[in-house]
(Lines give C-alpha, C1' and ligand atoms only; values in the text may rest on other atoms or scores of the structure.)
Protein backbone atom coordinates (compact mmCIF):
# COMPACT_ATOMS: atom_id res chain seq x y z
CA UNK A 1 0.00 0.00 0.00
CA UNK A 2 1.31 3.44 -0.95
CA UNK A 3 1.11 5.90 1.92
CA UNK A 4 0.81 9.52 0.82
CA UNK A 5 2.52 11.93 3.22
CA UNK A 6 0.10 13.14 5.86
CA UNK A 7 -2.39 10.31 5.41
CA UNK A 8 -0.77 7.52 7.41
CA UNK A 9 -3.61 7.74 9.95
CA UNK A 10 -6.20 7.02 7.24
CA UNK A 11 -6.24 3.23 7.23
CA UNK A 12 -9.66 2.61 5.72
CA UNK A 13 -12.70 4.35 4.23
CA UNK A 14 -14.35 4.70 7.64
CA UNK A 15 -11.35 6.71 8.87
CA UNK A 16 -11.64 9.02 5.85
CA UNK A 17 -15.38 9.41 6.36
CA UNK A 18 -14.92 10.50 9.99
CA UNK A 19 -12.18 12.93 8.98
CA UNK A 20 -14.35 14.37 6.20
CA UNK A 21 -17.20 14.91 8.67
CA UNK A 22 -14.83 17.03 10.78
CA UNK A 23 -13.64 19.08 7.79
CA UNK A 24 -16.85 19.80 5.90
CA UNK A 25 -19.88 21.86 6.93
CA UNK A 26 -22.54 19.52 8.20
CA UNK A 27 -24.96 20.35 5.40
CA UNK A 28 -22.39 19.58 2.72
CA UNK A 29 -21.16 16.40 4.40
CA UNK A 30 -24.66 15.03 4.83
CA UNK A 31 -25.50 15.95 1.24
CA UNK A 32 -22.81 13.54 0.01
CA UNK A 33 -23.09 10.97 2.80
CA UNK A 34 -26.76 10.34 3.39
CA UNK A 35 -29.68 8.80 1.50
CA UNK A 36 -33.34 9.69 1.07
CA UNK A 37 -36.49 9.68 3.20
CA UNK A 38 -36.03 7.14 6.04
CA UNK A 39 -32.64 5.99 4.67
CA UNK A 40 -33.58 2.34 4.83
CA UNK A 41 -31.83 1.57 1.56
CA UNK A 42 -28.42 2.71 2.82
CA UNK A 43 -28.48 0.16 5.62
CA UNK A 44 -29.93 -2.46 3.29
CA UNK A 45 -27.14 -1.97 0.76
CA UNK A 46 -24.58 -2.52 3.49
CA UNK A 47 -26.29 -5.56 4.99
CA UNK A 48 -26.70 -7.17 1.60
CA UNK A 49 -23.04 -6.68 0.76
CA UNK A 50 -22.02 -8.05 4.15
CA UNK A 51 -24.24 -11.10 3.62
CA UNK A 52 -22.31 -12.20 0.53
CA UNK A 53 -19.96 -14.99 1.53
CA UNK A 54 -17.01 -16.06 -0.59
CA UNK A 55 -15.47 -19.52 -0.17
CA UNK A 56 -11.65 -19.37 -0.42
CA UNK A 57 -9.71 -21.78 -2.58
CA UNK A 58 -6.57 -23.09 -0.89
CA UNK A 59 -3.17 -24.20 -2.13
CA UNK A 60 -3.30 -21.77 -5.05
CA UNK A 61 -0.24 -19.75 -6.07
CA UNK A 62 -1.14 -16.14 -5.29
CA UNK A 63 2.40 -14.79 -5.28
CA UNK A 64 1.71 -12.62 -8.34
CA UNK A 65 -1.90 -11.45 -8.13
CA UNK A 66 -3.21 -9.28 -10.94
CA UNK A 67 -6.01 -6.74 -10.57
CA UNK A 68 -5.86 -5.85 -14.26
CA UNK A 69 -9.23 -5.49 -15.96
CA UNK A 70 -10.63 -4.61 -19.35
CA UNK A 71 -13.56 -2.21 -19.26
CA UNK A 72 -15.15 -0.78 -22.38
CA UNK A 73 -12.22 -1.84 -24.51
CA UNK A 74 -9.45 -0.39 -22.34
CA UNK A 75 -7.02 -2.25 -20.13
CA UNK A 76 -6.96 -0.86 -16.60
CA UNK A 77 -4.77 -1.67 -13.58
CA UNK A 78 -7.91 -1.93 -11.43
CA UNK A 79 -11.56 -2.81 -12.11
CA UNK A 80 -12.60 0.67 -10.98
CA UNK A 81 -13.89 4.01 -12.19
CA UNK A 82 -14.52 7.15 -10.15
CA UNK A 83 -18.26 7.81 -10.25
CA UNK A 84 -19.76 11.17 -11.21
CA UNK A 85 -20.72 13.49 -8.35
CA UNK A 86 -22.45 16.84 -8.68
CA UNK A 87 -20.69 19.16 -6.24
CA UNK A 88 -17.12 17.91 -5.87
CA UNK A 89 -15.99 21.48 -6.48
CA UNK A 90 -17.58 22.49 -3.15
CA UNK A 91 -15.74 19.77 -1.25
CA UNK A 92 -12.28 20.94 -2.33
CA UNK A 93 -11.18 23.88 -4.45
CA UNK A 94 -11.24 22.66 -8.06
CA UNK A 95 -12.43 19.37 -6.63
CA UNK A 96 -13.30 17.84 -10.02
CA UNK A 97 -9.77 18.46 -11.25
CA UNK A 98 -8.40 16.93 -8.05
CA UNK A 99 -10.54 13.81 -8.49
CA UNK A 100 -9.35 13.57 -12.08
CA UNK A 101 -5.72 13.78 -10.96
CA UNK A 102 -6.26 11.03 -8.39
CA UNK A 103 -7.90 8.83 -11.02
CA UNK A 104 -5.08 9.52 -13.49
CA UNK A 105 -2.40 8.59 -10.95
CA UNK A 106 -4.25 5.37 -10.19
CA UNK A 107 -4.85 4.62 -13.86
CA UNK A 108 -8.66 4.48 -13.75
CA UNK A 109 -11.32 6.60 -15.52
CA UNK A 110 -13.04 9.58 -13.95
CA UNK A 111 -16.65 10.30 -14.89
CA UNK A 112 -17.42 14.04 -15.04
CA UNK A 113 -20.91 15.10 -13.99
CA UNK A 114 -23.26 17.24 -16.05
CA UNK A 115 -23.58 19.31 -12.87
CA UNK A 116 -19.86 19.74 -12.35
CA UNK A 117 -18.67 23.10 -11.06
CA UNK A 118 -15.59 22.85 -13.29
CA UNK A 119 -15.86 22.61 -17.07
CA UNK A 120 -14.78 19.37 -18.69
CA UNK A 121 -12.31 21.30 -20.83
CA UNK A 122 -10.37 22.37 -17.72
CA UNK A 123 -10.64 18.95 -16.14
CA UNK A 124 -9.21 17.35 -19.27
CA UNK A 125 -6.40 19.88 -19.60
CA UNK A 126 -5.32 19.91 -15.96
CA UNK A 127 -5.97 16.38 -14.67
CA UNK A 128 -4.63 14.12 -17.40
CA UNK A 129 -7.36 11.61 -16.62
CA UNK A 130 -9.20 9.27 -18.97
CA UNK A 131 -12.60 10.93 -18.92
CA UNK A 132 -16.16 9.70 -19.15
CA UNK A 133 -19.09 12.12 -19.14
CA UNK A 134 -22.31 11.64 -17.16
CA UNK A 135 -25.51 13.03 -18.60
CA UNK A 136 -28.80 14.21 -17.15
CA UNK A 137 -31.16 14.86 -20.04
CA UNK A 138 -32.24 18.49 -20.43
CA UNK A 139 -35.70 19.47 -21.62
CA UNK A 140 -34.13 21.11 -24.66
CA UNK A 141 -32.58 18.12 -26.42
CA UNK A 142 -30.67 20.23 -28.95
CA UNK A 143 -28.86 22.08 -26.18
CA UNK A 144 -28.14 18.70 -24.60
CA UNK A 145 -26.61 17.42 -27.82
CA UNK A 146 -24.46 20.55 -28.03
CA UNK A 147 -23.18 19.75 -24.54
CA UNK A 148 -22.28 16.25 -25.69
CA UNK A 149 -20.32 17.72 -28.58
CA UNK A 150 -18.37 19.76 -26.03
CA UNK A 151 -17.65 16.67 -23.96
CA UNK A 152 -16.49 14.71 -27.00
CA UNK A 153 -14.26 17.55 -28.19
CA UNK A 154 -12.70 17.73 -24.71
CA UNK A 155 -11.75 14.06 -24.90
CA UNK A 156 -14.55 12.20 -23.13
CA UNK A 157 -14.63 8.73 -24.65
CA UNK A 158 -17.65 7.28 -22.83
CA UNK A 159 -21.11 8.74 -22.23
CA UNK A 160 -22.94 7.59 -19.10
CA UNK A 161 -26.66 8.36 -19.06
CA UNK A 162 -28.17 8.36 -15.57
CA UNK A 163 -31.59 6.74 -15.93
CA UNK A 164 -32.73 6.36 -12.32
CA UNK A 165 -33.51 10.00 -11.49
CA UNK A 166 -36.70 10.98 -13.36
CA UNK A 167 -37.72 13.29 -10.49
CA UNK A 168 -35.95 14.99 -7.61
CA UNK A 169 -35.36 12.80 -4.54
CA UNK A 170 -36.81 13.56 -1.12
CA UNK A 171 -33.87 14.38 1.17
CA UNK A 172 -35.39 16.07 4.20
CA UNK A 173 -32.08 16.53 6.03
CA UNK A 174 -31.03 19.06 3.38
CA UNK A 175 -33.99 21.23 4.35
CA UNK A 176 -33.21 20.86 8.06
CA UNK A 177 -29.56 21.72 7.46
CA UNK A 178 -30.41 24.70 5.30
CA UNK A 179 -28.45 23.13 2.45
CA UNK A 180 -29.55 22.48 -1.08
CA UNK A 181 -28.98 23.23 -4.72
CA UNK A 182 -29.55 26.05 -5.44
CA UNK A 183 -27.73 27.24 -2.35
CA UNK A 184 -29.84 29.43 -0.10
CA UNK A 185 -28.69 31.76 2.64
CA UNK A 186 -29.98 30.80 6.08
CA UNK A 187 -28.90 31.20 9.67
CA UNK A 188 -28.32 27.46 9.95
CA UNK A 189 -26.10 27.40 6.90
CA UNK A 190 -24.24 30.46 8.19
CA UNK A 191 -23.55 28.87 11.56
CA UNK A 192 -22.58 25.63 9.82
CA UNK A 193 -19.96 27.38 7.68
CA UNK A 194 -18.67 29.42 10.62
CA UNK A 195 -17.98 26.20 12.51
CA UNK A 196 -15.74 24.99 9.67
CA UNK A 197 -13.41 27.96 9.08
CA UNK A 198 -10.77 25.84 7.33
CA UNK A 199 -13.28 24.82 4.67
CA UNK A 200 -14.66 28.36 4.42
CA UNK A 201 -11.19 29.78 3.76
CA UNK A 202 -9.69 27.04 1.61
CA UNK A 203 -12.72 26.27 -0.50
CA UNK A 204 -15.48 28.86 -0.52
CA UNK A 205 -13.45 32.04 -0.06
CA UNK A 206 -10.87 30.80 -2.53
CA UNK A 207 -13.60 30.10 -5.06
CA UNK A 208 -15.08 33.56 -4.53
CA UNK A 209 -11.64 35.15 -4.97
CA UNK A 210 -10.77 33.29 -8.16
CA UNK A 211 -14.07 32.98 -9.99
CA UNK A 212 -16.95 34.27 -7.93
CA UNK A 213 -19.88 32.22 -6.68
CA UNK A 214 -19.64 28.72 -8.21
CA UNK A 215 -21.86 27.81 -11.14
CA UNK A 216 -22.70 24.68 -13.08
CA UNK A 217 -19.96 24.99 -15.66
CA UNK A 218 -21.65 22.87 -18.33
CA UNK A 219 -24.80 24.92 -18.62
CA UNK A 220 -24.98 27.26 -21.63
CA UNK A 221 -23.35 30.54 -20.70
CA UNK A 222 -26.47 32.58 -21.30
CA UNK A 223 -28.39 30.35 -18.84
CA UNK A 224 -25.61 29.80 -16.33
CA UNK A 225 -26.43 31.04 -12.85
CA UNK A 226 -24.75 31.09 -9.50
CA UNK A 227 -25.56 28.08 -7.35
CA UNK A 228 -27.56 30.41 -5.15
CA UNK A 229 -30.05 31.20 -7.92
CA UNK A 230 -32.67 29.27 -9.82
CA UNK A 231 -32.10 28.40 -13.47
CA UNK A 232 -32.85 31.20 -15.93
CA UNK A 233 -34.37 28.89 -18.51
CA UNK A 234 -36.54 25.82 -18.66
CA UNK A 235 -34.29 24.66 -21.51
CA UNK A 236 -31.68 23.31 -19.09
CA UNK A 237 -34.12 21.93 -16.52
CA UNK A 238 -33.84 18.19 -16.05
CA UNK A 239 -36.37 16.37 -18.20
CA UNK A 240 -38.94 14.05 -16.64
CA UNK A 241 -40.02 12.61 -20.00
CA UNK A 242 -36.85 10.64 -20.74
CA UNK A 243 -37.62 7.40 -22.59
CA UNK A 244 -35.92 4.77 -24.74
CA UNK A 245 -36.35 7.20 -27.63
CA UNK A 246 -33.73 9.37 -25.95
CA UNK A 247 -31.41 6.38 -25.78
CA UNK A 248 -31.86 5.94 -29.54
CA UNK A 249 -31.07 9.62 -30.03
CA UNK A 250 -27.92 9.38 -27.93
CA UNK A 251 -26.80 6.21 -29.68
CA UNK A 252 -27.12 7.94 -33.06
CA UNK A 253 -25.34 11.09 -31.88
CA UNK A 254 -22.59 9.85 -29.56
CA UNK A 255 -19.54 8.40 -31.28
CA UNK A 256 -18.04 6.69 -28.23
CA UNK A 257 -19.21 4.08 -25.76
CA UNK A 258 -22.68 4.47 -24.27
CA UNK A 259 -23.52 3.34 -20.73
CA UNK A 260 -26.82 3.41 -18.84
CA UNK A 261 -26.45 3.95 -15.09
CA UNK A 262 -29.18 2.91 -12.69
CA UNK A 263 -30.43 -0.44 -14.02
CA UNK A 264 -32.12 -2.80 -11.52
CA UNK A 265 -34.23 -5.03 -13.79
CA UNK A 266 -33.42 -7.82 -16.23
CA UNK A 267 -35.84 -6.48 -18.85
CA UNK A 268 -34.22 -3.04 -18.72
CA UNK A 269 -30.76 -4.59 -19.04
CA UNK A 270 -31.88 -6.51 -22.12
CA UNK A 271 -33.49 -3.38 -23.55
CA UNK A 272 -30.23 -1.49 -23.06
CA UNK A 273 -28.41 -4.17 -25.03
CA UNK A 274 -31.01 -4.09 -27.81
CA UNK A 275 -30.66 -0.31 -28.09
CA UNK A 276 -26.94 -0.56 -28.74
CA UNK A 277 -25.63 0.34 -25.29
CA UNK A 278 -22.14 -0.89 -24.55
CA UNK A 279 -22.56 -1.26 -20.79
CA UNK A 280 -24.94 -0.79 -17.89
CA UNK A 281 -24.35 0.10 -14.25
CA UNK A 282 -26.40 -1.98 -11.83
CA UNK A 283 -27.04 0.63 -9.17
CA UNK A 284 -29.63 2.15 -6.85
CA UNK A 285 -27.82 5.51 -6.91
CA UNK A 286 -26.05 4.80 -3.65
CA UNK A 287 -29.46 4.64 -1.92
CA UNK A 288 -29.85 8.38 -2.54
CA UNK A 289 -33.06 8.28 -4.59
CA UNK A 290 -35.80 5.70 -4.00
CA UNK A 291 -35.62 4.40 -0.45
CA UNK A 292 -37.41 1.14 -1.25
CA UNK A 293 -35.33 0.35 -4.34
CA UNK A 294 -33.75 -3.08 -4.60
CA UNK A 295 -30.09 -3.28 -3.73
CA UNK A 296 -27.72 -3.95 -6.63
CA UNK A 297 -26.48 -7.21 -5.13
CA UNK A 298 -30.06 -8.54 -5.12
CA UNK A 299 -30.49 -8.20 -8.86
CA UNK A 300 -26.94 -8.36 -10.22
CA UNK A 301 -26.70 -12.17 -10.59
CA UNK A 302 -29.92 -12.42 -12.60
CA UNK A 303 -28.94 -9.46 -14.78
CA UNK A 304 -25.48 -10.91 -15.38
CA UNK A 305 -26.94 -14.30 -16.32
CA UNK A 306 -29.48 -12.78 -18.71
CA UNK A 307 -27.52 -9.95 -20.31
CA UNK A 308 -23.85 -10.49 -19.50
CA UNK A 309 -23.05 -11.85 -22.95
CA UNK A 310 -24.70 -8.89 -24.68
CA UNK A 311 -23.62 -5.87 -22.63
CA UNK A 312 -20.81 -5.14 -20.18
CA UNK A 313 -22.01 -5.02 -16.61
CA UNK A 314 -20.67 -2.59 -14.03
CA UNK A 315 -22.02 -2.00 -10.53
CA UNK A 316 -21.94 0.49 -7.71
CA UNK A 317 -23.54 1.55 -4.42
CA UNK A 318 -22.11 1.01 -0.96
CA UNK A 319 -18.45 0.09 -1.59
CA UNK A 320 -16.46 0.64 1.60
CA UNK A 321 -13.81 -2.09 1.37
CA UNK A 322 -11.79 -3.79 -1.33
CA UNK A 323 -13.63 -6.99 -0.56
CA UNK A 324 -16.85 -5.22 -1.61
CA UNK A 325 -15.32 -4.87 -5.07
CA UNK A 326 -14.51 -8.59 -5.02
CA UNK A 327 -18.11 -9.32 -4.04
CA UNK A 328 -19.53 -7.34 -6.96
CA UNK A 329 -17.14 -9.05 -9.38
CA UNK A 330 -18.02 -12.46 -7.96
CA UNK A 331 -21.70 -11.69 -8.61
CA UNK A 332 -21.03 -10.97 -12.26
CA UNK A 333 -19.87 -7.36 -12.64
CA UNK A 334 -16.85 -6.58 -14.78
CA UNK A 335 -16.03 -3.38 -12.93
CA UNK A 336 -17.17 -1.18 -10.04
CA UNK A 337 -17.78 2.55 -9.67
CA UNK A 338 -16.86 4.28 -6.41
CA UNK A 339 -18.43 7.60 -5.49
CA UNK A 340 -18.65 8.57 -1.84
CA UNK A 341 -15.34 7.00 -0.81
CA UNK A 342 -13.15 9.20 -3.08
CA UNK A 343 -15.16 12.23 -1.96
CA UNK A 344 -14.20 11.53 1.64
CA UNK A 345 -10.56 11.46 0.59
CA UNK A 346 -11.03 14.61 -1.47
CA UNK A 347 -12.41 16.44 1.56
CA UNK A 348 -9.35 15.75 3.67
CA UNK A 349 -6.61 16.19 1.10
CA UNK A 350 -7.65 16.98 -2.45
CA UNK A 351 -6.05 14.81 -5.11
CA UNK A 352 -3.67 13.21 -2.61
CA UNK A 353 -6.52 12.32 -0.27
CA UNK A 354 -8.63 10.83 -3.06
CA UNK A 355 -5.62 8.88 -4.33
CA UNK A 356 -5.09 7.53 -0.83
CA UNK A 357 -8.63 6.13 -0.88
CA UNK A 358 -8.13 4.46 -4.25
CA UNK A 359 -4.84 2.98 -3.03
CA UNK A 360 -6.54 1.59 0.07
CA UNK A 361 -9.28 -0.05 -1.99
CA UNK A 362 -6.69 -1.52 -4.37
CA UNK A 363 -4.59 -2.93 -1.53
CA UNK A 364 -7.65 -4.40 0.18
CA UNK A 365 -8.75 -5.99 -3.10
CA UNK A 366 -5.34 -7.62 -3.55
CA UNK A 367 -5.45 -8.90 0.02
CA UNK A 368 -8.92 -10.37 -0.52
CA UNK A 369 -7.77 -12.05 -3.73
CA UNK A 370 -4.83 -13.59 -1.91
CA UNK A 371 -7.01 -15.08 0.80
CA UNK A 372 -9.57 -16.26 -1.73
CA UNK A 373 -7.00 -18.09 -3.84
CA UNK A 374 -7.87 -15.99 -6.89
CA UNK A 375 -4.74 -14.63 -8.60
CA UNK A 376 -6.92 -13.10 -11.36
CA UNK A 377 -10.17 -11.17 -11.21
CA UNK A 378 -11.76 -13.72 -13.53
CA UNK A 379 -11.34 -16.34 -10.79
CA UNK A 380 -13.58 -14.52 -8.31
CA UNK A 381 -16.96 -15.91 -9.45
CA UNK A 382 -15.93 -19.46 -8.53
CA UNK A 383 -15.58 -18.39 -4.89
CA UNK A 384 -19.19 -17.22 -4.61
CA UNK A 385 -21.02 -19.31 -2.05
CA UNK A 386 -24.49 -19.97 -3.41
CA UNK A 387 -27.43 -21.29 -1.39
CA UNK A 388 -27.20 -25.01 -0.52
CA UNK A 389 -23.48 -25.11 -1.29
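The values are calculated or read from the model by the stated rules, or taken from the named source; none is laboratory data. The structure presented is a predicted model; accordingly, all values stated were derived computationally and were not measured. Here the Cβ is made from the backbone with ideal geometry for all residues, glycine too, and neighbour counts use every protein chain on show.
Quick check on residue 347: is it more than 26 Å from residue 98 (Cα to Cα), assigned to a helix (DSSP H, G or I) and over 14 Å from the mean Cα position of the chain (by Cα)? No.
Taking residue 38, is it over 19 Å from the mean Cα position of the chain (by Cα), surrounded by fewer than 20 Cβ atoms within 10 Å (Cβ to Cβ) and closer than 20 Å to residue 165 by Cα? For residue 38, the condition - over 19 Å from the mean Cα position of the chain (by Cα), surrounded by fewer than 20 Cβ atoms within 10 Å (Cβ to Cβ) and closer than 20 Å to residue 165 by Cα - is met.
Touching a helix residue (DSSP H, G or I) at 6+ places or on another chain (Cβ under 7 Å), buried (at least 21 other Cβ atoms within 10 Å of the Cβ) and at pLDDT 95 or above, is that true of residue 89? Judged against the criteria, residue 89 is not a match.
May I ask you to verify whether residue 79 is at pLDDT 95 or above, touching a helix residue (DSSP H, G or I) at 6+ places or on another chain (Cβ under 9 Å), loosely packed, with under 15 Cβ neighbours inside 10 Å and closer than 25 Å to residue 375 by Cβ? No. At least 1 residues being surrounded by fewer than 17 Cβ atoms within 10 Å (Cβ to Cβ) is the threshold, and among the helices (runs of 4 or more DSSP H) wholly inside region 243-340 those reaching it are 244-253, 266-274, 296-307. The set of residues in region 188-222 being farther than 21 Å from residue 346 by Cβ, free of Cβ contacts under 8 Å to residues at least 40 places away in the same chain and surrounded by fewer than 18 Cβ atoms within 10 Å (Cβ to Cβ) consists of 190, 191, 194, 212, 221, 222.
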